[in-house]
Structure formats: C-alpha cells, structure tokens
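Chemist: Here you go, one structure.
Nothing in this text is a laboratory measurement; each read-out follows from the coordinates by a stated rule. No experiment lies behind these values; they were computed from the predicted model shown. As a convention, Cβ positions derive from the backbone with ideal geometry for all residues, glycine included, and neighbour counts pool all protein chains shown.
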Amino acid sequence: MQPITDKVLQQDHFLLYIYTPFCGTCHLAKTMLNKIESVHKEDIFFEMNASVHPEFMQEVQVESVPCLLVVDQSQVKEKIYAFRSIANIYSYLVKYEPQLFAT
C-alpha cells in the first residue's frame, strides 16, 4: 500500500484506505487489503492516516474509519465502511478496477 500524496489526490481515479493508527478494526481491514495486493502482486490502494488529514476528512465527509474511498472521474463514488471480508472488497474491485481481472 502506498502513502497518499497531494499529486495522487489530484488524479481522477484512485482507491484510498483511510484509517487511524489505534483502531483495531482498521488493522483488520488493512490486513485484508494487503492480502489482496499480495495476490495481485501490485499496489492497488493508497493509504491515509485520518488523524493527520482532518481537513480532507471534513471535505469528503468521512463518517468513520476504516473507510475505503473510491474516487472515479474526480468524484467520490463510494465510501465503504463495512469491509466484512476479502470477497466483499473484491466485489468493489470488480466494479471499479476491472483491469485487475482481465486475462
């Protein structure tokens, strides 16, 4: 997982994992995302510590962490708060990152 940068925030498409360091649920969610990246052998998600970016949290109205923010065509398309399982996250990847599954 790559740390978010201002340059990435200007891109029209990215998946951003938002967390806080002392959140147990965030650690579980990050483990799921790391497993997905490990299977695909590439960085798919960017990460942001919510505690360091309070202005961004307000701007995009993040309600809680962990959150997987889907930005597509420069707009927030989804805020995923319930990670549930790796299969659940894959359902979003099929929708927003179909190139991961192209043969």
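Chemist: Going by average Cβ neighbours within 10 Å, how do the peptides 43-56, 89-102 rank, with the highest at the top?
Modeler: Ranking, from highest mean packing down: 43-56, 89-102.
Chemist: Show me, bin by bin at 10 Å from 0, the whole-percent P(r) of the chain based on Cα pairs.
Modeler: The percentages, shortest bin first, are 14, 53, 30, 2, 0.
Chemist: Take residue 63 and residue 42, extend 7 Å from each Cα along the Cα→Cβ direction, and tell me the distance between the two endpoints in nm.
Modeler: Rounded to a tenth, the inter-label distance reads 3.2 nm.
Chemist: Along the range 52-61, what does the Karplus equation 6.51 cos²θ - 1.76 cosθ + 1.60 (θ = phi - 60°) give for ³J(HN,Hα), rounded to whole Hz, x for Gly and Pro?
Modeler: For the range 52-61, the Karplus-derived couplings read 8, 10, x, 5, 5, 4, 5, 4, 9, 6 Hz, x marking Gly and Pro.
Chemist: Please list, ordered by chain and number, the residues whose modelled amide H lies under 5 Å from the amide H of residue 47; skip anything fewer than 5 residues away on the same chain.
Modeler: Those qualifying (amide H under 5 Å, at least 5 residues apart or on another chain) are 2, 4, 17.
Chemist: While we're looking at this one, here's another question. Per-residue ellipticity at 222 nm for the chain, helices alone: DSSP H runs ≥ 4 residues times -39500 (n - 2.57), over residue total, nearest 500 deg cm²/dmol?
Modeler: -11000 deg cm²/dmol
Chemist: Oh, and also: What is the distance, in nm, between label points placed 7 Å from the Cα along the Cα-to-Cβ direction at residue 94 and at residue 12?
Modeler: If labels sit at residue 94 and residue 12, their model points lie 2.6 nm apart.
Chemist: Work out, step by step, the length gained on full extension between residue 53 and residue 35: first 0.36 nm times the residue separation, then minus their alpha carbon distance; give nm to one decimal.
Modeler: 3.9 nm
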